[in-house]
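To start, the structure itself, in structure tokens.
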Amino acid sequence: MELRYGMNPHQRARVTSPAPPVRVIHGSPSLINYLDALNGWQLVREAAAVTGDAAAASFKHVSPAGAALAGDLDETMRRAWDLGDGAVGDATAAYVRARDIDPKSSFGDLIAVSEPVDRELADLLAGVVSDGIIAPGFEPGTVEILARKKRGTFLALEADASYEPPPWEQREVFGMVLEQERDRLPITADLLRVVHGSAPRPDTIRDALLGMVTVRYTQSNSVAYVKDGMTIGVGAGQQSRVDCTRLAGAKAGIWWLRRLPAIQSLEFAEGTSRQDRLNWQVRLAENAVTDSQRTALTAQVTSTAQVAEVENADRLEWLARLTDATLVSDGYIPFRDNIDHASRLGVRYIVEPGGSTRADEVVDACRELGLTLIHTGTRLFHH
């Protein structure tokens, strides 16, 4: 099957599998669309199987901007995605929680959900900027709703939920064919061994499992901050682990600062799009509004006094309210600086393979800062 293009528009691409486990329901995928979809589907299928909850992921450039399980939606999410106060189905709740983690990075994402797409989710996606979705099925009428997106180019991909890939996987790089065993090690609570601190609560175990599944399908090095069944910050593809920790922590901080009352109370002029409102929230949470953006912002809010209130808010005091997060690392933590950075952003549980030559320093840092350290004995690199 010919694809729309490869990594870049000047590259041709095709699918050569005789019986692919994914069926194109609508649209014409590129190679990157398939890479995002296949990674995303594996993540949500495994997360749902491990936790027993519906799962969703928002993928960009072969790593998740966010992954989440179905759960409660806070006021920030309900307002951002125009959901009101009513009940929300599991598939929709899981995706809203995943998309809300990093809405700037999720712009134009490839969506993965562990459940069939129902009318509620399709209606939500009709107003979201996205490239496509992969799911194990589509309820009647939903494909027609989605097919109108992106001037008719939105992708709808159906995954075969019963498909099990072969035990060995293969790739070709520069003319060399490389093979390895597929990583099939089960992610279970049995992997979690407390090295220092108290035994994890059931909700912490759930977060740890979601974090491990997430980094398993995130470009290494990778670190995820997880809270309440959501990866509130993902650091992917960094050469230095502490850079991963800091990047994921910065994203977690922005997620939390978007909930700052001064930011949530911003009133925008009529006609301001959802994405523009989200972008302004993120920029203000980042404290990264440029001079030219400030001019545009003052034209879109109903009162410039609101902006001053955001800028004068006590951000450090608000960040201190972020608590009980779990940090999950795909490789061992080599130095205590990772622990120091994580502790500043509400992390109370560290989940890592263990085995660093400076493991004692990491243990000492957790003891000093009152963090629980959990070793898994399992590296989860993904490239």
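The values are calculated or read from the model by the stated rules, or taken from the named source; none is laboratory data. This structure is a prediction, so every number in the text was calculated from the model and none was measured. Every residue, glycine among them, receives a Cβ derived from its backbone with ideal geometry; neighbour counts consider all protein chains shown.
Quick notes on this structure:
- Listed conditions (1) modelled with pLDDT of 95 or more; (2) over 27 Å from the mean Cα position of the chain (by Cα); (3) of a type in the set (Val, Ile, Thr) are all met by Ile350, apart from (2).
- In segment 232-245, the condition of being surrounded by 21 or more Cβ atoms within 10 Å (Cβ to Cβ), closer than 16 Å to Tyr332 by Cα, among the hydroxyl-bearing types (Ser, Thr, Tyr) and not assigned by TED's automatic domain parsing to the domain that holds Asn39 is met by at least one residue.
- Matching residues, segment 1-29, being assigned to a loop (DSSP other than H, G, I, E, B), under 21 Å from Lys60 (Cβ atoms) and touching a residue at least 24 places away in the same chain (Cβ under 8 Å): Leu3, Arg4, Tyr5, Gly6, Met7, Gly27, Ser28, Pro29
- Residue match in segment 54-66 (condition: in a helix (DSSP H, G or I), of a type in the set (Val, Ile, Thr), out of contact with any Gly (no Cβ under 7 Å at 6 or more places or on another chain) and surrounded by 13 or more Cβ atoms within 10 Å (Cβ to Cβ)): no
- From the options Gln293, Gln264, Gln306, residue that is surrounded by fewer than 16 Cβ atoms within 10 Å (Cβ to Cβ) and in contact (Cβ under 8 Å) with a residue 40 or more places away in the chain: Gln264
- Qualifying residue in segment 122-140 (condition: more than 23 Å from the chain's Cα centre (by Cα), in a loop (DSSP other than H, G, I, E, B) and modelled with pLDDT of 95 or more): yes
- Note on segment 30-44: residues that are out of contact with any helix residue (DSSP H, G or I) (no Cβ under 9 Å at 6 or more places or on another chain) and either surrounded by 20 or more Cβ atoms within 10 Å (Cβ to Cβ) or part of a loop (DSSP other than H, G, I, E, B) (or both) amount to 10.
- For Thr92, the requirement of being in a helix (DSSP H, G or I) and surrounded by fewer than 24 Cβ atoms within 10 Å (Cβ to Cβ) is not met.
- In segment 95-119, residue nearest to Ala57 (Cα to Cα) [restricted to those that are part of a helix (DSSP H, G or I) and among the hydrophobic types (A, V, I, L, M, F, W, C)]: Ala98
- Which numbered condition Phe381 fails, given (1) in contact with a helix residue (DSSP H, G or I) (Cβ under 7 Å, 6 or more places away or on another chain); (2) within 17 Å of Ser240 (Cα to Cα): (1)
- Check on Asp324, closer than 30 Å to Val347 by Cα, among the acidic types (Asp, Glu) and surrounded by 16 or more Cβ atoms within 10 Å (Cβ to Cβ): no
- A single member of Thr231, Thr153, Thr188 is of a type in the set (Ser, Thr, Tyr), in contact with a strand residue (DSSP E or B) (Cβ under 6 Å, 6 or more places away or on another chain) and touching a residue at least 60 places away in the same chain (Cβ under 8 Å), and it is Thr231.
- Close contacts from segment 196-209, counting a first residue that is on the phi > 0 side of the Ramachandran plot and a second that is of a type in the set (Gly, Ala, Ser), with Cβ to Cβ under 9 Å and a gap of 6+ residues or different chains, come to Gly197/Gly370.
- Any hit, segment 145-164, residues being crowded, with 16+ Cβ neighbours inside 10 Å, more than 23 Å from Leu31 (Cβ to Cβ) and not assigned by TED's automatic domain parsing to the domain that holds Val328: yes
- Each residue in segment 168-188 was checked for being closer than 21 Å to Thr214 by Cα and outside any strand (DSSP E or B), and 7 of them qualify.
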